[in-house]
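Asker: Mind looking over this structure? Questions follow.
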Amino acid sequence: MIHFRTLEDYDDTQMIASWIYSTDKFLFNWLFYNDKIRSITAIERLFMSDYINPYHRNYMMIAYDDRTPREVLGVMLSFRGQDIPSITTYKAFKDTECTSLPLVIQNKILSEVFASQIGSNDYYIGNLYVDPKARNNHIGSKLVEKAKQRACQMNATRVILDVEYDKDYLLDFYAKRGFNVCSKNYHKILNKTYGCYGLEYKIK
């Protein structure tokens with residue numbers, strides 16, 4: 001049976017960081033100087049930072065089977081908009097020693113063009129990844145449902161997420177779970193399209 005828990009000290013944070021990295025290589029490569037190793041190192045440090053940030057361990061949900069509780073089957077980073085102060089996010093990224101404050105600020109500006117705007121009472125699914133060996137067990141669906149439950153408990157008005165333009169095959173997955181496209185935050189630059197579809201699930 002699938003259960004959920006937070007990040008524990010015994011978890012393989014490097015593996016989990018590599019999973020998070022794979023969900024948004026464009027962002028991480030740009031933010032951390034186009035370097036996979038630097039990106040994964042920074043993500044690990046963001047998990048354990050003293051400063052609240054979108055990758056903080058407080059917002060990590062891990063899916064596991066009760067028969068093998070230490071085996072991570074899937075992960076999701078999600079949070080309510082008002083719970084992520086910009087100032088602590090900047091401090092957390094600076095403390096990774098893998099990027100620079102100007103790049104973090106530039107990323108914040110670009111995210112307003114290429115991604116959804118997260119309102120204070122929105123519940124945002126930032127990253128979701130399921131181990132390829134466990135992808136026939138509906139773990140992704142269960143993580144999404146868990147996010148909906150948390151959003152309701154927090155009295156959020158909706159659950160939102162972004163699907164990268166070149167991963168439009170995921171639109172059907174989320175449509176089956178009640179999400180609708182609410183914005184198109186993608187733009188063509190030098191004959192290549194960058195950005196995301198914004199999806200929302202309204203909480204009744």
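The values are calculated or read from the model by the stated rules, or taken from the named source; none is laboratory data. These figures come from a predicted structure and were not determined experimentally. All Cβ positions, glycine included, derive from the backbone under ideal geometry; neighbour counts span all protein chains shown.
Asker: Return the residue satisfying two criteria in turn: it lies in region 21-41 and is surrounded by fewer than 20 Cβ atoms within 10 Å (Cβ to Cβ) and of a type in the set (S, T, N, Q), and of such residues it is farthest from ALA134 (Cα to Cα).
Answerer: ASN34
Asker: Sticking with this one: Being under 16 Å from the mean Cα position of the chain (by Cα) and either without any contact (Cβ under 8 Å) to a residue 60 or more places away in the chain or within 30 Å of ASP65 (Cβ to Cβ) (or both) narrows it down to one of ALA156, ALA147, ALA134, ALA175, so name that one. Talk me through it step by step, then tell me what you get.
Answerer: Working: ALA156 fails: under 16 Å from the mean Cα position of the chain (by Cα); ALA134 fails: under 16 Å from the mean Cα position of the chain (by Cα); ALA175 fails: under 16 Å from the mean Cα position of the chain (by Cα).
Checking each option against the conditions leaves just ALA147.
Asker: Take the conditions surrounded by 13 or more Cβ atoms within 10 Å (Cβ to Cβ) and at pLDDT 95 or above and apply them to ASP166. Does it pass?
Answerer: Criteria not met by ASP166.
Quick grid of which residues meet (1) in contact (Cβ under 8 Å) with a residue 12 or more places away in the chain; (2) under 23 Å from ARG158 (Cβ atoms); (3) touching a Pro at 6+ places or on another chain (Cβ under 9 Å); (4) β-branched (Val, Ile, Thr):
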site	(1), (2), (3), (4)
ASP50	yes, no, no, no
MET60	yes, yes, no, no
ARG80	yes, yes, no, no
LEU103	yes, no, no, no
ILE125	yes, yes, no, yes
LEU128	yes, yes, no, no
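Asker: From the list SER18, SER120, SER111, exactly one residue is closer than 19 Å to ASP131 by Cα and either without any contact (Cβ under 8 Å) to a residue 24 or more places away in the chain or touching a helix residue (DSSP H, G or I) at 6+ places or on another chain (Cβ under 7 Å) (or both). Which is it?
Answerer: The unique qualifying residue is SER18.
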